[in-house]
Structure formats: C-alpha cells, structure tokens
Amino acid sequence: MADNRNRVLKPHEKIAMSISEAAKYSNLGENLLRKIIDADKSIDWVLFVGDWIKIKRKPFERWLLAQNSV
C-alpha cells in the first residue's frame, strides 16, 4: 500500500491554496489578490484560518471565469 501522507499535491488537486499558490495558479499577482481580498472580506472564495488566508480553489475558479477584467 502506498504512503500518500508525504505526497505533494498539485494546485488542481487542492481544496484550498495559499495566496502565492493561487497567484501562480491563476497567473495573477499576489498583491492584486491581496487588494481584492482587502476590498471585500466577504468574498466566498476566501477562507481565513487565524492570520492565514486560504483561497478555496473551486469558488475562486468560478469567480475568475466570470470576470471580464481584474
């Protein structure tokens, strides 16, 4: 049986990503993502874990596809 505990997940396999991972995944800058989050803390694709900010991948993808400009 394979040990999957130490396996590194690719961004498309994750449920939530860090801002730096989301920036690379979406080809948007980290600063731009932080500005978007700071402007509206109730965005449904943002998850606050203590002081950390995580990006929920599926809702983020849906939001990004619906944008005409960012």
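Would the range 3-12 turn up any residue that is in contact with a helix residue (DSSP H, G or I) (Cβ under 8 Å, 6 or more places away or on another chain), modelled with pLDDT of 95 or more and open to solvent by less than 100 Å² (accessible area, probe 1.4 Å)? No, the range 3-12 has no match at all. Scanning the range 21-46 for residues being in contact (Cβ under 8 Å) with a residue 12 or more places away in the chain and open to solvent by 70 Å² or more (accessible area, probe 1.4 Å) gives a total of 4. For the range 10-37, give me each residue that is more than 12 Å from the chain's Cα centre (by Cα), within 20 Å of Ala66 (Cα to Cα) and among the charged types (D, E, K, R). Answer for the range 10-37, where residues must be more than 12 Å from the chain's Cα centre (by Cα), within 20 Å of Ala66 (Cα to Cα) and among the charged types (D, E, K, R): just Lys35.
State yes or no: is Ile55 in contact with a strand residue (DSSP E or B) (Cβ under 6 Å, 6 or more places away or on another chain), among the β-branched types (Val, Ile, Thr) and surrounded by 12 or more Cβ atoms within 10 Å (Cβ to Cβ)? Answer is yes for this residue. Residues that are β-branched (Val, Ile, Thr) and either in contact with a Pro (Cβ under 7 Å, 6 or more places away or on another chain) or more than 25 Å from Asn68 (Cα to Cα) (or both) within the range 38-54 comprise just one, Val49.
The values are calculated or read from the model by the stated rules, or taken from the named source; none is laboratory data. Given the structure is predicted, the values throughout are model-derived calculations rather than measurements. Please note: Cβ atoms are built from the backbone with ideal geometry, for glycine as well, and neighbour counts cover all protein chains shown. The accessibility values were calculated without ligands, DNA or RNA, using every heavy atom of the protein model including side chains. Shrake-Rupley method; radii C 1.70, N 1.55, O 1.52, S 1.80 Å.
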